[in-house]
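Right, one structure below, let's go through it.
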Amino acid sequence: MQTSDSEFDVETLHPLELLEQVISARDWTFERRGDDELAVEVPGRWCDYGVFFALAPELETLHISCALDMRVPENRRVAVSELLAVANEKLWIGHFALWAEEGLPMFRYSLLLGPELSLSAERLESLIDVAISECERFYPAFQYVIWGGKSAAEAVEAAMLDTVGEA
C-alpha cells in the first residue's frame, strides 16, 4: 500500500513515528525497542524477513537491516562470504553482510537524513521496498550456496535465471 506525505504530518513526526505509520498502513506488526529502534517482521515470498531500523541522530542517519530467515553453518561461511562479494557487485544501493554472531545473512543500508532528520513516507516506503526486493532476489542464491553446495558464481547465475524465468 502506497502512502503519501499528505496522509501524515511529516513536519512534526520523529522519523520512527513516521515509520510506525507507514508500517501500520501495510498491516505489519512492529515493536519499538527504544526511542531510536524499531523491529518489524515482513512476510516475503521465500520467508519472513526480520527488518530492523535504527536512528542515529548524531550521525543524521537511519539504518535498516533486513535479515534472511536462515542460518549459515560454520562450514559454509567461507562460501557465503564469496557469495556476499558477488551479490554486492550487483547492487546499486546497500550491501549484503553476514551477522557473524548469529550466522544470519542480511541486507544493510544507511540513509543520510540531514540535520533536520527529515524523511518522507515515500522515501521510507522506497527504503523498505529496496531492502525486501533485494533479499527476495538473492534468497535463492544463499540457499544454493548453503544447502546446494554451489559456488557463489553458480548460485547467483541460477538465482538470476529463476527470477527472469518468472517474469
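The values are calculated or read from the model by the stated rules, or taken from the named source; none is laboratory data. Everything numeric here is computed off the predicted structure, so don't read it as measured data. Note that each Cβ is placed from the backbone with ideal geometry, even for glycine, and that neighbours are counted across all protein chains shown.
Values for this structure:
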quantity	calculated
Criterion: modelled with pLDDT under 90, assigned to a helix (DSSP H, G or I) and buried (at least 18 other Cβ atoms within 10 Å of the Cβ) - qualifying residue of A141, A159	A159
Per-region count, segment 81-106, residues hydrophobic (A, V, I, L, M, F, W, C) and under 13 Å from A155 (Cβ atoms)	6
Candidate set: segment 48-57, residues that are modelled with pLDDT of 95 or more and not small (G, A, S); chosen: the one farthest from the chain's Cα centre (by Cα)	L55
Qualifying residue in segment 66-76 (condition: crowded, with 17+ Cβ neighbours inside 10 Å and either without any contact (Cβ under 8 Å) to a residue 12 or more places away in the chain or in a helix (DSSP H, G or I) (or both))	yes
Flag if E136 is under 15 Å from A87 (Cα atoms), surrounded by fewer than 20 Cβ atoms within 10 Å (Cβ to Cβ) and touching a residue at least 24 places away in the same chain (Cβ under 8 Å)	yes
Every residue from segment 91-116 that is assigned to a loop (DSSP other than H, G, I, E, B), over 11 Å from the mean Cα position of the chain (by Cα) and surrounded by 14 or more Cβ atoms within 10 Å (Cβ to Cβ)	L91, G103, L113
F107 vs. criteria in contact with a strand residue (DSSP E or B) (Cβ under 9 Å, 6 or more places away or on another chain) and farther than 28 Å from Q21 by Cβ	no
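Yes/no matrix, rows are residues, columns are (1) part of a helix (DSSP H, G or I); (2) of a type in the set (A, V, I, L, M, F, W, C):
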position	(1), (2)
L119	no, yes
E122	yes, no
L127	yes, yes
E134	yes, no
A155	yes, yes
